[in-house]
2 protein chains.
Amino acid sequence: MRAELISTGTELLLGQILNTNAQFLGQRLAQLGLDVYFQTTVGDNGARLAEVFNAALKRADLIIVTGGLGPTEDDLTKETIAETLGLEMFLDEESLTHVQEFFKLRGRKMPETNKKQAQFPEGAAIIPNKMGTAPGVIIEAAGRIIIILPGPPVEMQPMFNETVVPFLKKKIGRNNSVIHSKVLKILGMGESTVEERIKDLVDEQTNPTIAFLAPRGEVFVRITAKAKTEAAAGKMINKIEKEIRKRLGDYIYGADDDSLEKVVAGLLKKHDLTISTAESCTGGMIAQRLTNIPGVSDNFMYGVVSYSNEAKTGLLGVPPEIIEKHGAVSEETAIEMVKGVRQACGTDLAVSVTGIAGPSGGTPEKPVGLVYIGFSDRDTTIVQRFLFTGDREVIRWQTANAALNMLRRYLIKYKR
Amino acid sequence: MRAELISTGTELLLGQILNTNAQFLGQRLAQLGLDVYFQTTVGDNGARLAEVFNAALKRADLIIVTGGLGPTEDDLTKETIAETLGLEMFLDEESLTHVQEFFKLRGRKMPETNKKQAQFPEGAAIIPNKMGTAPGVIIEAAGRIIIILPGPPVEMQPMFNETVVPFLKKKIGRNNSVIHSKVLKILGMGESTVEERIKDLVDEQTNPTIAFLAPRGEVFVRITAKAKTEAAAGKMINKIEKEIRKRLGDYIYGADDDSLEKVVAGLLKKHDLTISTAESCTGGMIAQRLTNIPGVSDNFMYGVVSYSNEAKTGLLGVPPEIIEKHGAVSEETAIEMVKGVRQACGTDLAVSVTGIAGPSGGTPEKPVGLVYIGFSDRDTTIVQRFLFTGDREVIRWQTANAALNMLRRYLIKYKR
């Protein structure tokens with residue numbers, strides 16, 4: 001079954017709100033094994049909605065339209081679709097009572113305009129709306145299923161989950177296949193290198209398929225399998241995943257909902273190790289990301305944001321002559337910082353970061369994006385040099401990623 | 001001039017990422033006074049992209065396509081559009097050098113697949129990409145303007161701002177009317193109170209219009225004016241803005257691209273004051289947000305993330321008996337933390353935060369969301385109690401907002 005999404009609302013085209021409905025519905029339909037080939041956004045305009053709806057009628061079996069169910073004049077989704085399909089509108093008394101009750105409960109009189117929210121195309125099944133006054137609609141006509149839902153996510157989402165999902169599951173029956181996907185997350189290896197290593201797998205495969213995403217300096221590999229059951233799809237994914245893991249090794253830091261900080265926090269807990277951080281250019285981002293994981297307080301002891309040279313020499317005990325001779329952004333300073341914070345905090349491990357996030361402060365020898373990351377345990381101290389590109393925020397993000405990844409690579413090999 | 005947006009990427013249809021590009025481009029085109037009538041999302045599939053592109057060619061003067069400029073095989077936007085328009089592809093040596101340089105700088109060899117990023121439809125003007133390896137393209141053909149940009153927002157946005165906006169401004173000429181809007185940002189006052197205070201203005205206005213947005217505990221008021229020139233629209237906005245500012249006072253912390261941390265960093269610089277932070281439940285978020293502002297290093301000296309009790313008693317000198325008697329999350333601890341960090345760092349001002357971000361750790365007396373924020377200058381120390389709702393991330397975000405806002409309200413009244 002091919003599905004198509006239509007989002008209505010001039011506020012979407014003007015960029016005044018983000019289209020989270022398209023994302024929500026895309027995810028849910030994928031879980032149901034339905035392919036979405038097109039998603040179109042159109043303003044509050046009958047003629048243009050009709051144009052988009054007609055295009056969808058030609059190429060999709062299931063059309064889900066969101067928005068345009070409000071009481072105002074520019075809400076015309078139901079009316080436009082009824083006209084396109086040649087259906088009359090009728091007034092549903094029960095829905096009218098529901099709308100009236102909604103206002104009564106809030107001590108207000110129902111405005112006359114809200115009456116249109118109780119009108120529906122003939123033959124339509126009504127989807128109740130517990131969170132607002134606009135019911136949704138299911139129409140089966142012209143060999144197609146058309147579902148109309150209100151625009152506000154807080155109303156649309158429960159209506160979809162409670163009424164539309166069971167309806168679609170029944171329609172799909174047992175003959176349909178399920179789409180299941182898994183995302184592997186990679187850090188420290190570029191997109192093209194990842195592709196080179198697994199290109200033959202990508203080329204060989206039609207089911208599961210393998211695709212690449214590259215958000216903010218990471219690489220995601222998405223495996224998508226289509227099968228009769230979720231278990232069968234899972235099995236297909238497992239097989240390819242094993243092969244990919246063999247080729248990419250521990251560059252893969254996690255899967256699906258894993259974040260780098262979650263993986264690191266889990267490893268710290270597993271090995272019962274404490275850590276402290278000394279951050280210059282990341283300004284607390286590493287600490288902030290680690291402490292976003294509930295329960296990390298047994299392992300993350302404390303962090304220092306040593307933004308000024310005074311903070312580096314004072315609290316962390318970096319010798320002023322080191323900064324004078326080599327600069328605040330240098331291998332030597334990163335080493336002294338990480339030694340200093342580990343000692344001051346008495347932790348098992350420590351990480352330090354010093355770099356130039358930009359936009360100013362760069363020189364030909366030390367350009368914007370130059371970063372040194374120090375790491376220290378009870379026995380050794382190491383430092384790594386990186387050169388990142390991007391704006392200030394991206395450089396800081398990539399720096400925090402690199403530091404957390406250094407930590408992760410140490411922890412996966414850790415033996416007491 | 002009618003504009004149309006096409007977003008490509010199967011990950012968008014599957015709901016794996018949110019389509020923020022459509023929002024960004026919608027906003028920017030509205031500012032230029034260009035009407036966007038349709039926005040379509042299509043997967044990484046040549047035939048379907050061609051179908052969508054052909055529909056757009058029939059109804060739009062300007063078509064902006066994002067995504068599908070990567071080095072992998074399923075990146076086929078340029079190729080598909082060239083084929084649809086009957087254009088040959090050519091290799092641009094300069095772009096190839098740029099891609100090669102990009103890899104060289106990182107000490108890596110350019111994979112053969114990246115070569116296709118330097119290939120363009122004949123007659124195309126190339127949009128340079130400072131943040132990545134995929135240049136954009138401007139094609140003028142078949143009486144239409146077609147602009148192709150990469151999918152990652154961090155690459156796409158500067159390319160649009162720096163190259164596409166000046167290009168479009170020249171094309172548009174002087175006859176178009178302009179839509180201009182301004183967003184006022186409010187903190188510390190609920191959406192319904194804001195609405196109550198300015199409801200009569202909202203009802204009276206048709207141009208400019210006034211709308212509300214409420215992201216993550218803040219309230220945004222957007223004023224939108226349509227006029228012949230930017231200056232005329234600006235004048236209309238100014239008039240309403242003045243009236244709104246009269247009613248909401250210094251609950252308005254900024255406008256448009258202002259962030260709370262940017263405003264606070266600006267005020268610190270203006271008054272030449274130094275600050276340090278001691279964060280518990282926010283785990284470094286306040287420091288991280290402040291240090292995201294370039295040039296803040298003269299004012300933000302250092303920050304401490306005192307996640308454990310040991311960190312509070314050790315580094316900050318909070319008396320253990322205070323924590324024992326009142327708990328780590330208490331008025332008394334917040335006061336000792338803020339005094340301790342200001343003293344240790346020798347700064348003019350200090351902020352401390354201690355609270356329960358959840359999901360666990362709450363009790364009936366001290367529920368999840370309870371936060372104490374301390375503030376101290378050379379003369380006085382104050383503490384405020386907050387009770388936030390939401391998940392861990394939202395509570396942490398709101399806490400950082402409240403702390404930065406306390407600081408802002410102090411600084412706007414500051415007199416040496």
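To the nearest 10 degrees, how steep is helix B:191-204 against the longest Cα principal axis of chain B, on a 0 to 90 scale?
Orientation of helix B:191-204: about 50 degrees from the principal axis.
Sort out for me the Cα centre separation of the stretch A:3-39 from the stretch B:110-181, rounded to whole Å.
26 Å
Using 0.36 nm times the number of residues separating B:Glu191 and B:Lys109, minus their current alpha carbon distance, what extension gain do you get? Before the final figure, lay out each step's value.
Numbers: separation 82, 0.36 × 82 = 29.52 nm, distance 5.39 nm.
Gain on extension, B:Glu191 to B:Lys109, equals 24.1 nm.
I need the calculated FRET efficiency for the pair A:Val154 and A:Glu321, taking r as the beta carbon distance and R₀ as 60 Å, to the nearest 0.05. Working shown, then result.
Details: r = 60 Å, r/R0 = 1.00.
It comes out at approximately 0.50.
Pull up the cross-link candidates among the aspartates and glutamates for A:Lys339, meaning alpha carbon to alpha carbon under 14 Å and not fewer than 8 places away within one chain.
A:Glu279, A:Glu331, A:Asp348, A:Asp377, A:Asp379
Got a sec? Charge dipole of the stretch A:166-236, +1 on Cβ for Lys and Arg, -1 for Asp and Glu; which of A:Ala211, A:Ala227, A:Leu168 is way out at the positive end?
Projecting each Cα onto the dipole axis, the largest value belongs to A:Leu168.
By the scheme Lys and Arg +1, Asp and Glu -1, what is the net charge of all other residues having a beta-carbon under 15 Å from that of B:Tyr414? Mind dumping the intermediate values first?
Working: positive: B:Lys269, B:Lys270, B:Arg378, B:Arg408, B:Arg409, B:Lys413, B:Lys415, B:Arg416; negative: B:Asp250, B:Asp272, B:Asp348, B:Asp377, B:Asp379.
Net local charge, B:Tyr414 excluded: +3.
Give A:Lys185/A:Lys246; B:Lys182/B:Lys269; A:Lys116/A:Lys171; A:Lys269/A:Lys413; A:Lys270/A:Lys415 a once-over and call out the pairs whose C-alpha atoms are over 18 Å from each other.
Numbers: A:Lys185/A:Lys246 14 Å; B:Lys182/B:Lys269 25 Å; A:Lys116/A:Lys171 29 Å; A:Lys269/A:Lys413 15 Å; A:Lys270/A:Lys415 11 Å.
Beyond 18 Å between Cα atoms: B:Lys182/B:Lys269; A:Lys116/A:Lys171.
Of B:Leu14, A:Tyr414, B:Thr77, whose Cα points farthest to the positive end of the dipole of the protein assembly as shown (charges on the beta-carbon: +1 Lys, Arg; -1 Asp, Glu; origin at the Cα centre)?
Sorting the options by dipole projection puts first A:Tyr414.
Report the gain in length on full extension from B:Glu73 to B:Lys246: 0.36 nm times residue separation, minus Cα-Cα distance, nm rounded to one decimal. Intermediate values should be presented prior to the final figure.
Values: separation 173, 0.36 × 173 = 62.28 nm, distance 5.71 nm.
Full-extension gain reported as 56.6 nm.
About its Cα centre, what dipole magnitude does the stretch B:178-255 give when the only charges are +1 on Lys and Arg Cβ and -1 on Asp and Glu Cβ, stated in debye to the nearest 20?
Working: 14 positive and 11 negative charges, 67 e Å.
In total the dipole reaches around 320 debye.
What list of ³J(HN,Hα) couplings, whole Hz, do you get for the stretch A:129-134 from phi and the Karplus terms 6.51, -1.76, 1.60, once you set θ to phi - 60° and write x for glycine and proline?
Result, rounded to whole Hz: 10, 6, 9, x, 9, 9.
Select from A:Ala82, A:Ala225, A:Ala357 the residue whose mean-square fluctuation is largest in a Gaussian network model of chain A (Cα-Cα springs shorter than 10 Å).
Checking each option, the largest mean-square fluctuation is seen for A:Ala82.
Once label points are set 7 Å from the Cα along Cα→Cβ at both B:Leu213 and B:Lys270, what is their separation, rounded to one decimal in nm?
Result: 2.5 nm between the two label points.
Output ³J(HN,Hα) for the stretch B:14-24: one whole-Hz value per residue in order, computed from phi by the Karplus curve 6.51 cos²θ - 1.76 cosθ + 1.60 with θ = phi - 60°, and x for Gly and Pro.
Going residue by residue, I get 7, x, 6, 9, 7, 7, 7, 4, 4, 5, 4 Hz, with x marking Gly and Pro.
Return the sequence-ordered ³J(HN,Hα) values of the stretch B:88-100 in whole Hz as given by the Karplus equation 6.51 cos²θ - 1.76 cosθ + 1.60 applied to θ = phi - 60°, using x for Gly and Pro.
7, 9, 10, 8, 9, 4, 4, 5, 4, 4, 4, 5, 4
Out of residues 5 or more away from B:Val304 or on other chains, whose amide H comes under 5 Å of its own, with H placed 1.01 Å from N in the peptide plane?
Result for B:Val304 returns A:Val305, B:Thr277, B:Ala278, B:Glu279.
Kindly give the distances from B:Ile17 to its copy-mates, label point to label point, with each label point 7 Å from Cα along Cα→Cβ, as nm values to one decimal ordered shortest first.
Between copies, matching label points for B:Ile17 lie 2.4 nm apart.
Looking only at other chains, what is the average number of their beta-carbon atoms within 10 angstrom of each beta-carbon in B:293-299?
Numbers: counts 2, 6, 3, 2, 9, 2, 2.
Across B:293-299, the average partner-chain Cβ count within 10 Å equals 4.
Just want the ordering: B:Tyr37, A:Tyr414, from fewest to most Cβ atoms lying within 10 Å of their own Cβ. Don't skip to the answer; put the middle values down first.
Numbers: B:Tyr37 20, A:Tyr414 15.
By the 10 Å Cβ count, ascending: A:Tyr414, B:Tyr37.
Find how much the distance from B:Thr206 to B:Asp61 grows on full extension, using 0.36 nm per residue of separation minus their present alpha carbon separation; answer in nm with one decimal.
Numbers: separation 145, 0.36 × 145 = 52.20 nm, distance 2.84 nm.
Separation in residues times 0.36 nm, less the Cα-Cα distance, equals 49.4 nm.
DSSP beta bridges in the stretch A:55-194, what fraction antiparallel, as a percent rounded to 5?
On the way: 11 of 16 bridges.
The answer is about 70 percent antiparallel.
Looking only at the stretch B:94-133, which residues have a backbone nitrogen under 18 Å from a spot 7 Å from the Cα of A:Glu393 in the C-beta direction?
Answer for this model: B:130-132.
Which residues' amide hydrogens lie under 5 Å from the amide hydrogen of A:Leu370, considering only partners 5 or more residues apart or on another chain, with H built in the peptide plane?
A:Ile356, A:Phe388
Per-residue ellipticity at 222 nm for the protein assembly as shown, helices alone: DSSP H runs ≥ 4 residues times -39500 (n - 2.57), over residue total, nearest 500 deg cm²/dmol?
On the way: 30 runs with 334 residues, N = 832.
So the calculated ellipticity at 222 nm is -12000 deg cm²/dmol.
Provide a whole-number value for the mean count of partner chain Cβ atoms within 10 Å of the Cβ atoms in peptide B:28-40. Write down the numbers at each step before the final one.
Numbers: counts 1, 3, 5, 2, 0, 0, 0, 4, 7, 9, 8, 11, 7.
So the per-residue partner count for this stretch is 4.
About the Cα centre of the stretch A:2-172, what is the dipole size in debye to 20, counting +1 per Lys and Arg Cβ and -1 per Asp and Glu Cβ, all else neutral? Please list the in-between numbers first.
Details: 17 positive and 21 negative charges, 102 e Å.
It works out to roughly 500 debye.
Just checking the output field for B:99-112: average partner chain Cβ neighbours within 10 Å of each residue's Cβ?
2
Between the label point of B:Gly295 and that of the same position in each other copy, find the distances and list them shortest first in nm, with every label point placed 7 Å from Cα along the Cα-to-C-beta direction.
For B:Gly295, the other copies' label points sit at 4.6 nm, shortest first.
Inter-copy label distances at B:Lys130, 7 Å along the Cα→beta-carbon direction, one decimal in nm, shortest first?
5.1
In a shell of Cβ-Cβ distance under 14 Å around B:Phe300, excluding B:Phe300 itself, what net charge do Lys and Arg (+1) and Asp and Glu (-1) give? Show your work: numbers first, answer last.
On the way: positive: A:Lys312, B:Lys262, B:Lys269, B:Arg289, B:Arg342; negative: A:Glu279, A:Glu310, B:Glu261, B:Asp272, B:Glu279, B:Asp298, B:Asp348.
The answer is -2.
Please report the relative contact order for chain A, taking Cα pairs under 8 Å with a sequence separation of at least 6, and give it as a percent rounded to a whole number. It would help to have the intermediate numbers written out before the result.
Values: 764 pairs, mean separation 42.2, N = 416.
The value is 10 percent.
Sort B:Lys246, B:Lys115 so that the residue with the fewest other Cβ atoms within 10 Å of its own Cβ comes first and the one with the most comes last.
Values: B:Lys246 10, B:Lys115 15.
Fewest-to-most ranking of B:Lys246, B:Lys115: B:Lys246, B:Lys115.
Obtain the nm distance between the two label points defined at B:Ala47 and A:Asp379 by a simple spin-label model: each point lies 7 Å from its Cα along the Cα-to-C-beta direction.
Result: 6.0 nm between the two label points.
With only alpha-carbon atoms counted, please give the Rg and Dmax of chain A, in Å.
Taking only Cα atoms of chain A, I get Rg and Dmax of 28.1, 85 Å.
Amide H neighbours of A:Asp74 under 5 Å, at least 5 residues apart or on other chains, H built in the peptide plane: list them.
The answer is none.
Return the lysines within reach of A:Lys109: Cα separation strictly under 30 angstrom, same-chain partners fewer than 8 residues apart disregarded; answer none if there are no such residues.
In chain and number order, the partners are A:Lys78, A:Lys130, B:Lys199.
Quick one: putting +1 on the C-beta of Lys and Arg, -1 on the C-beta of Asp and Glu, what dipole do you get for the protein assembly as shown around its Cα centre, in Debye to the nearest 20?
Values: 100 positive and 102 negative charges, 157 e Å.
Once rounded to the nearest 20, the dipole reads 760 debye.
Summing +1 for each Lys or Arg and -1 for each Asp or Glu, what net charge is found among the other residues whose Cβ lies under 13 Å from the Cβ of A:Lys235? Numbers along the way, then the final one.
Values: positive: A:Lys182, A:Lys226, A:Lys228, A:Lys239, A:Lys242; negative: A:Glu230, A:Glu241.
Every neighbour counted, the sum reads +3.
Here, each number is a calculation from the coordinates, and none is a lab measurement. This one's a predicted model, so the numbers in the text were calculated from it and none came from an experiment. So basically every Cβ, Gly included, is an ideal-geometry build from the backbone, and we count neighbours across all protein chains shown.
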